[in-house]
Amino acid sequence: MKRMLWLLLCVNLLAAEEFNYDEAKVPPYELPLLLMDSAGKSVTSAEAWQAMRREEIHQLLESEMFGKAPARPKLRLVVVEEATLAFDGKAMRKQVRVAMGEADNAPFLDVLVYTPVGVKKVPVIFGLNFLGNHTVQNDPQIRTSKSWVKMGEFPQATRSEEVPRGQDASKWQVAAAIARGYGVVTAYYGDIDPDFDDQWKNGVHALNPNVEGTRDGQTWGSLAAWAWGMSLVMDYLETEPLVDADAVAVQGFSRLGKAALWAAACDQRFAVVISQQSGAGGAALNKRIYGETVGRLNQSFPHWFCGNFKRYSENEKAMAFDSHFLLSLVAPRPLLVTSAVGDQWADPRGEFLAAGLVGPVYALFGKQGLMAKEMPLPLQLVDSQVGYFLHPGKHDVTAEDWKAYADFCDKHLKK
Ligand code: GCU
């Protein structure tokens, strides 16, 4: 046992050595310009951005990073629980099964909706969860999922339903959001695509044998599949009377933050975007080679991005894009980027810098980009149209983050 622990410690130390956490060792890097199109022409108006440059950037990220998603199927919605009082009468809970297609055996995801009592058409914060809907609150009425669950998060479990209720409740401050007038909507990411490399057989991949059978470097990976699933939820929310579909803030933590950014890039119905410690492959500038690298992403999670993204492993210099391109696709919508002091793996400074870089695109729309030249102190929300927030702890979602979400949405999301 002791030898085993010793070995583990050595492996961890070696791994820590491999990655850069020293600002002085960030190599010089050159970032491609947002407002210069591929023909070398400057983009000087919101119209030119929307009509041409935005599409160019979207296509670049689609073919080199996330991959192309197939069209979304026609949904079949089944209300599995009508709106019912929850939280000692302080909220309404509703659950709707979203079948991905009209066939009886179409795969499905269950959407859990909490809204404040007595109001309709409320603004909501929507994000996918990591362990299953029943883990976001200790509420016995939440449906469980039989889908695969990530080992390690809760070591005894192999399926979502085996994880205890409320296991991730601290990451989902539903009561606080409700008290601030926001609904909370969530669905389980494993219902869309289980998060392991299975050669594209499970989850939504099974739905699209033609796409998977002719796979190339540009075919979608799991991040694009989760983003696609978020748009399916949005398709449903457009039909949901409790929710104001014009006031949906899409939120995502960590890998789901990467997915939320891509969802917002592909689907402009998301009114506000909240990237919570999305790190490498998300909001952080990859060319800084600080913390997690592209090579490490591709090695640990070969199924997340499309095949072409492998070209950039240990080769960030060759990228004709970086995370500011991804963030720019949110413009002119409000964007909140959050980081954690203790999450250097996700490169908080790289996330802050990328948020600052999209200012010129927002300026085309007469909107204020990030109103901070230096990183703010922890817990001080920068609430400009591109916002930034840093929490003092580790890789996590905290009550302070939810307070920042509500403060940011109070300012920017239609109420
Ligand atoms: C790993 C991974 C990150 C990812 C994170 C998460 O740490 O390296 O890229 O964001 O998992 O999703 O929790």
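General remarks:
- Considering only Cα atoms, the convex hull volume of region 266-415 works out to 116 Å³ per residue.
- Note on the chain: with a GNM built from Cα contacts shorter than 10 Å, the maximum mean-square fluctuation among Ala265, Ala283, Ala363 falls on Ala363.
- Simple spin-label estimate for Leu379 and Arg76 in nanometres, 7 Å along Cα-Cβ: 5.1
- Centre separation in Å (Cα based) which lies between region 303-361 and region 139-211: 25
- Relative contact order (percent, whole number), region 18-94, Cα cutoff 8 Å, 6+ residue spacing: 13
- Accessible area (Å², 1.4 Å probe, nearest 10) - Ile178: 20
- Choice from Leu232, Leu285, Leu336 with maximal GNM fluctuation in the chain (Cα, 10 Å cutoff): Leu232
- Note on Lys68: accessible area approximately 100 square angstrom, rounded to 10, probe 1.4 Å, nucleic acids and ligands left out.
- Only helices enter this figure: runs of n ≥ 4 DSSP H residues, each worth -39500 (n - 2.57), summed and divided by the residues of the chain, yield -7500 deg cm²/dmol at 222 nm to the nearest 500.
- Extent of the chain along its three principal axes (Cα atoms, max minus min coordinate, largest first): 60, 56, 47 Å.
- Cβ-defined net charge surrounding Arg311, 14 Å radius [Lys, Arg +1; Asp, Glu -1]: -2
- Basic side chains Lys and Arg get +1 at the Cβ, acidic Asp and Glu get -1 at the Cβ, and with that the dipole of the chain about its Cα centre reaches some 320 debye.
- Surface accessible to a 1.4 Å probe, per residue, for the residues of region 55-412, Å²: 35
- On region 55-412, 52 percent of the accessible area sits on carbon and sulfur atoms, based on a 1.4 Å probe.
- Relative contact order for the chain, counting Cα pairs under 8 Å that sit 6 or more residues apart, in percent: 17
- For region 176-200, the residues whose backbone nitrogen is under 16 Å from a point 7 Å from the Cα of Glu162, taken along Cα to Cβ, are 195.
- Sorted largest first by accessible area at a 1.4 angstrom probe radius, with every protein chain in place, the residues Cys266, Cys409 fall in the order Cys266, Cys409.
The values are calculated or read from the model by the stated rules, or taken from the named source; none is laboratory data. Since this is a predicted model, take the numbers as computed values, not measurements. Cβ coordinates were reconstructed from backbone atoms using ideal geometry, including for glycine residues, and neighbour counts include every protein chain displayed. Surface accessibility is based on the protein's heavy atoms, side chains included, excluding ligands, DNA and RNA. Shrake-Rupley method; radii C 1.70, N 1.55, O 1.52, S 1.80 Å.
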